[in-house]
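Note sheet for the following structure.
Bear in mind these aren't lab numbers, they're just calculated from the coordinates by the rules spelled out. Note that the coordinates shown come from a computational prediction; the quantities given were computed from them, not determined experimentally. FYI the Cβ positions are ideal-geometry reconstructions off the backbone, even for glycines, and counts take in every protein chain you see.
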C-alpha cells in the first residue's frame with residue numbers, strides 16, 4: 001500500500017506500508033489455541049529515514065486472550081501496550097498452558113515428497 005502525505009513545507013512524502021498477517025489455530029485435546037500476528041512495516045522516500053514497525057500480536061486459549069501492541073522505530077521500541085482481562089495469576093496460568101500446548105508440527109519432508117499429483 002502506498003500513502004502520500006504533504007508536510008508543512010509542502011514537500012510530499014510517499015510512505016510504503018508492507019503488511020504481513022498470520023493466523024494459526026491449533027486444537028490440542030479439548031483446548032483451542034489461536035495466534036494472530038499483524039506486522040506493518042512503514043518506509044518513506046525520505047533520505048536516512050528508518051522503517052517504523054507496528055506489531056499487533058494476540059494469543060488466545062479457550063476464549064481467554066493476551067494482546068500486545070508494539071511500535072519500533074530505528075530498532076528501538078517506542079510504544080508497548082498489553083491488553084488482557086486476565087489477573088496476574090490467570091496470566092501466569094495462561095502462559096504456562098500456552099507453552100505446554102503450543103507445539104505445531106508439519107509432516108516430515110519425505111511424507112510431503114511422497115504425495116503424488118495426478119492429472120485428470
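Working from Cα pairs under 8 Å separated by at least six residues, relative contact order for the range 32-81 is 31 percent. Using a simple spin-label model with pseudo-atoms 7 Å out from Cα toward Cβ, residue 17 and residue 48 lie 2.8 nm apart. Annotation: peptides 94-102, 76-84, ranked by per-residue average of other Cβ atoms within 10 Å with the highest first, follow the order 94-102, 76-84. The slack between residue 25 and residue 103, meaning 0.36 nm per residue of separation minus the straight C-alpha distance, is 27.0 nm.
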